[in-house]
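Some notes on the structure that comes next.
The values are calculated or read from the model by the stated rules, or taken from the named source; none is laboratory data. Bear in mind the structure is a predicted one, so any value in this text is a computation, not a measurement. Ideal geometry is used to build each Cβ from the backbone, glycine not excepted, and the neighbour counts take in all protein chains shown.
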Amino acid sequence: MLKILVCVSGGGTNLQAVIDAIKQGLITNAEIVRVISNNRNAYALKRATDAGIDAVCISPKDYADREQFHAQFLNAVNEKNPDLIVLAGFMVVLPQEMIQRYRNRIINIHPSLIPSFCGKGFYGLIVHEKVLERGVKVTGATVHFVDEGTDTGPIILQKAVMIEDDDTPEILQKRVMEQAEWKILPQAINLIANEKIHVDGNIVKRTE
Ligand code: GAR
């Protein structure tokens with residue numbers, strides 16, 4: 001049974017998609033052992049407790065500096081000895097030590113087709129604003145492993161979503177979530193839980 005730890009900062013709809021997929025048997029051989037938020041008011045924390053999952057808040061506001069925050073955050077992660085860490089709308093840059101320790105065991109959902117509209121400064125609604133400003137006709141979402149860069153790790157799954165004429169950033173964000181994120185995040189977790197993929201350099205391959 002794959003032990004999953006989910007990190008969140010906001011609404012937690014991706015977390016909910018994972019909780020539901022486990023309940024429905026769309027993800028097998030996996031359980032969520034803890035949800036960590038950096039934001040005390042994150043609705044995602046309520047979603048976790050409602051589902052009977054251990055939920056903790058580690059807020060940088062409660063610590064004197066970044067180093068202390070990172071130490072407490074890492075403690076809360078390591079305590080559960082997770083097999084997989086899922087960043088589901090987690091707006092905190094991870095400590096380097098964590099990336100090294102959990103190499104190819106941390107995945108992130110990003111609301112665009114990487115390598116477009118990603119990297120520093122591209123998160124949440126801003127991604128969809130930039131997509132509409134540029135006038136692209138297709139966007140989507142990406143699940144990838146996390147490495148030292150911002151959105152640069154090996155890509156696991158992507159799904160395209162069409163832009164429509166009257167899209168606003170909010171409308172587009174919702175469509176990308178519904179059509180892409182809530183589908184490919186559970187799918188990627190299920191592939192990992194059932195050992196269907198492996199990383200070869202910067203490329204994710206299907207395991208025979
Ligand atoms: C999602 O759209 C996710 O892709 C995005 O934040 C949102 C969180 O929503 N993540 C990033 O932008 C990471 N760079 P949620 O809390 O409802 O899952």
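So the values come out like this:
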{"item": "Checking residue 56 against (1) away from the ligand (no atom under 16 Å from the Cβ); (2) hydrophobic (A, V, I, L, M, F, W, C); (3) in a helix (DSSP H, G or I); (4) over 16 Å from the mean Cα position of the chain (by Cα), the condition it does not meet", "result": "(3)"}
{"item": "Region 165-195, residues that are in contact with a helix residue (DSSP H, G or I) (Cβ under 8 Å, 6 or more places away or on another chain), more than 13 Å from the ligand (Cβ to nearest atom) and more than 15 Å from residue 21 (Cβ to Cβ)", "result": "167, 168"}
{"item": "Residue within region 28-35 that is at pLDDT 95 or above, in a helix (DSSP H, G or I) and not polar (S, T, N, Q) present", "result": "no"}
{"item": "Answer residue from region 1-20, given it is part of a loop (DSSP other than H, G, I, E, B) and within 15 Å of the ligand (Cβ to nearest atom) and is surrounded by the fewest Cβ atoms within 10 Å (Cβ to Cβ) among those", "result": "11"}
{"item": "Within region 85-122, tally of residues that are more than 12 Å from the ligand (Cβ to nearest atom) and either within 11 Å of the chain's Cα centre (by Cα) or closer than 15 Å to residue 56 by Cβ (or both)", "result": "2"}
{"item": "Scope region 59-71; condition in a helix (DSSP H, G or I) and closer than 22 Å to residue 101 by Cβ; matching residues", "result": "60, 66, 67, 68, 69, 70, 71"}
{"item": "Test: residue in region 140-158 that is among the charged types (D, E, K, R), surrounded by fewer than 21 Cβ atoms within 10 Å (Cβ to Cβ), within 16 Å of the ligand (Cβ to nearest atom) and within 24 Å of residue 10 (Cβ to Cβ)", "result": "yes"}
{"item": "Helices (runs of 4 or more DSSP H) wholly inside region 75-179 containing at least 3 residues that are under 20 Å from residue 44 (Cβ atoms) and not hydrophobic (A, V, I, L, M, F, W, C)", "result": "169-176"}
{"item": "Any hit, region 71-83, residues being touching a Pro at 6+ places or on another chain (Cβ under 8 Å), more than 15 Å from the ligand (Cβ to nearest atom) and closer than 23 Å to residue 124 by Cβ", "result": "yes"}
{"item": "Residue within region 188-208 that is surrounded by fewer than 19 Cβ atoms within 10 Å (Cβ to Cβ), at pLDDT below 95, among the acidic types (Asp, Glu) and not in a strand (DSSP E or B) present", "result": "yes"}
{"item": "Any hit, region 21-31, residues being more than 16 Å from the ligand (Cβ to nearest atom), within 23 Å of residue 193 (Cα to Cα), among the charged types (D, E, K, R) and surrounded by fewer than 15 Cβ atoms within 10 Å (Cβ to Cβ)", "result": "yes"}
